Structure formats: C-alpha cells, structure tokens
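**Student:** There's a structure below that I have some questions on.
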Ligand code: PLP
C-alpha cells in the first residue's frame, strides 16, 4: 500500500515502537500504584517517556500530561481557560477538536485569519482580534487540511503582548516542526502521540504551563485521602491508569525522532508534498499549495472527492477525502461544499509515492473521460 494519510495517523509505526509496546505489555504493571518490580518497571517506562517529551518540547517532565489523543488535551486546556460565554479568538483553520469544545461552552468565537498561505495576513488579523479584546485564544500550528504552516511563534508572542492566555494545537506539527512550551509561553500545547511522534493510537500529550482543570476525576496513586484531584502536575490531569504499552511505544517513537532528526523528516515530507502538488497542477487539477507548507496537500480532482479516494484506494493508494473534521478550514478556502482530497506524506516520503499517486490519478481521470 502507498500510505498518504499520515495526517490521520502515522503508519506503519516504526518496528521499535511495536517492540516497545510488546515489551511493556510483558513486563509492566500499574505505574505509581505499587512498589513491586512490575509496578516500578511501569513507572520507569512512563517517566522515561515524560523525560523524552520534556526534552523535545522544552519543559519539565512533570509538565507533560499524558492523554488519550490530541482532542482530550484540547478539551482539558479549553475547559481550563474558557468560561461559558467567554470571548475566544481562533484562526480560520481550526479542527473540530478546537471548535466543538468552544461551541459546547457557548463561547463567543471570533475567527481571525482565513487566507491560506498568507502568514502576514494571519498575523495582521490575529493582532486586530487580540487588540479588540478577548478572554482566550486557541490556534492550530499547521492546518490538517491544507498543510499551511501558521506563524505560531509570532502569534504566540502577540498573545503574550496582549496578555491573552492561549492554547496551541500542535496536532500536525509535533514531530516535524519545532514546538516549544518555554519559548512560546503558551498556557497549554496539545498534541497526539500517534501522528508525527510515531506512537500508537490512544496516546497524546498536553504540555501544561499552568494547572489544568480536570475533565476526568479518579485515582492517581497520590494524595488518596483528598476528595478532589491533587493540585500538582502531572497527577491533576491524569486520573486513572495511563496507557502504559502506548506510552512505551510513544517513548520509542520519540527516540526514533531524536535519531533521525525532525528537520530531516520535515524537509523530506515538505519537498515531496511540493513535488506532488506541482505534478497534480500539471494534470490540470486545482491544487492548494503555497510557500508556508508542510507535508500535506489538498486538491480538487474535478470529480467527487470520495469517488476519487475510493478509486485510489482500489489501486492501493490510501488518501483521505471530505472535510477532514475541519469544516471551518474548508469554509475559509471555499471548499465547504466539495471537500478536498488530502494527501499527507510521512517520514517515509519518497518520489515513488508521488509517481504512484500520479499513475492512480491519470487512471481515475481516464476512467471518467
Ligand atoms: N487538531 C488537528 C489539527 C488535527 O489534525 C487532529 C486530528 O487529525 C486533531 C486536532 C485531533 O487529534 P486526535 O485525533 O489525536 O484527537
């Protein structure tokens, strides 16, 4: 299979990741719930992953809260910063994992920056919205639909300048672009463990610069006499047993990134995405691409997107069609009615994948003419 759906989850996982999961299932009991060797092995496994994540994202190990996915982290962060009815600014490229929690809180949402691949405009609109006055800000680092890399560092600096607490959704950037809790000064940064960090599904990380408001209550293996959740990190955000085999796999994924270097992976993905975008344009298709672009590209196939994705799947090429859980991004780009076909390259990005996709697209287009 030619897998071009890394925006959904990275696949296949590196063998080190699977091995680490199996090893953890074999050797680890419940971390922080006992002093016997199997519980200690679990605690060590989890702590090593915390340390690795802390090193990668410039924070202390206790600021790393393990979650089930990026969505859970975003919900916790948003619940902490946003009171019901509060004024919140977001960009025009947010995923439903940001938008739905805000709707659930009846937040008064303003959308700033809807132009694709135009960081100057994004910054202008972002500053305007912050200047008008908001209670919190949430923004994605990279659009999951179009691969647009937003100017996250400058957006973070603006939030700090206007004293607006903020959350960054690093779902599509963690593992390929620099993400720093210390440098950005974000209140929270949420990310999945299962995309660019190469861990398994069911893992995620919330980096915390302040105590999160729990969205789940229960045992933590600490302060058991308290009626409420402990008021320290990471325990406050981690009720119940964490996903130890998953975290072991995530830890192995982080090690692969250390070894290969995220800038090398980024260059490979982004270069292939550009090559592919240019070639699709040469087929006469409408392709959304620009200078500030990562390893994801969307295009319109001149036919129904789902039909195109199904035809490609029939030829062994995995892509994703539709709205990609981000109707707002499609509204911004004018593709809400059609959706797009999305290609998202991974760390194995390679010209042969583009060549296979082009063969598949030619075949699809021939079949329709
Ligand atoms: N935010 C963005 C930009 C995403 O692309 C995704 C998933 O595709 C999410 C949030 C949600 O991630 P998860 O599925 O890990 O909850």
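The values are calculated or read from the model by the stated rules, or taken from the named source; none is laboratory data. What you are looking at is a predicted structure, and each value in this text was computed from that prediction instead of being measured. Quick reminder, even Gly has a Cβ in these numbers, built from the backbone with ideal geometry, and neighbours come from all protein chains shown.
**Student:** Could you tell me whether any residue of region 149-156 is in a loop (DSSP other than H, G, I, E, B), farther than 30 Å from residue 227 by Cβ, modelled with pLDDT of 95 or more and near the ligand (Cβ under 10 Å from one of its atoms)? Step through it out loud before you land on a result.
**Tutor:** Within region 149-156, the subset in a loop (DSSP other than H, G, I, E, B) is 150-151.
Right, trim to farther than 30 Å from residue 227 by Cβ and you get 150-151.
Applying the additional criterion that residues be modelled with pLDDT of 95 or more yields 150-151.
Those still in the list that are near the ligand (Cβ under 10 Å from one of its atoms) too: none.
Looking through region 149-156, none of the residues is in a loop (DSSP other than H, G, I, E, B), farther than 30 Å from residue 227 by Cβ, modelled with pLDDT of 95 or more and near the ligand (Cβ under 10 Å from one of its atoms).
**Student:** Here's something else I'd like to know. If I ask for residues that are part of a helix (DSSP H, G or I), in contact with a strand residue (DSSP E or B) (Cβ under 6 Å, 6 or more places away or on another chain) and more than 16 Å from the ligand (Cβ to nearest atom), which ones from region 18-60 would you list?
**Tutor:** Across region 18-60, the qualifying residues are 50, 54.
**Student:** Name the single residue that is farthest from residue 95 (Cα to Cα) among those in region 1-17 being in contact with a helix residue (DSSP H, G or I) (Cβ under 7 Å, 6 or more places away or on another chain) and part of a helix (DSSP H, G or I).
**Tutor:** 16
**Student:** To continue, here is another question. Out of curiosity, is residue 133 more than 16 Å from the ligand (Cβ to nearest atom) and touching a residue at least 24 places away in the same chain (Cβ under 8 Å)?
**Tutor:** Taking the combined requirement at face value, the residue satisfies it.
**Student:** Looking at 102, 116 in this structure, which one is touching a strand residue (DSSP E or B) at 6+ places or on another chain (Cβ under 9 Å), in contact (Cβ under 8 Å) with a residue 12 or more places away in the chain, part of a loop (DSSP other than H, G, I, E, B) and within 25 Å of residue 146 (Cβ to Cβ)?
**Tutor:** 116
**Student:** Go through region 239-270 and count every residue that is out of contact with any strand residue (DSSP E or B) (no Cβ under 6 Å at 6 or more places or on another chain) and more than 30 Å from residue 349 (Cα to Cα).
**Tutor:** 3
**Student:** Next question, about the same structure. Which condition number in (1) more than 16 Å from the ligand (Cβ to nearest atom); (2) farther than 24 Å from residue 179 by Cα; (3) not in a loop (DSSP other than H, G, I, E, B) is the one that residue 121 fails?
**Tutor:** (2)
**Student:** Which of the numbered conditions does residue 200 fail, given that it passes all the others? Conditions: (1) surrounded by 19 or more Cβ atoms within 10 Å (Cβ to Cβ); (2) within 16 Å of the ligand (Cβ to nearest atom); (3) free of Cβ contacts under 8 Å to residues at least 40 places away in the same chain.
**Tutor:** Tallying (1) surrounded by 19 or more Cβ atoms within 10 Å (Cβ to Cβ); (2) within 16 Å of the ligand (Cβ to nearest atom); (3) free of Cβ contacts under 8 Å to residues at least 40 places away in the same chain, residue 200 fails exactly one: (3).
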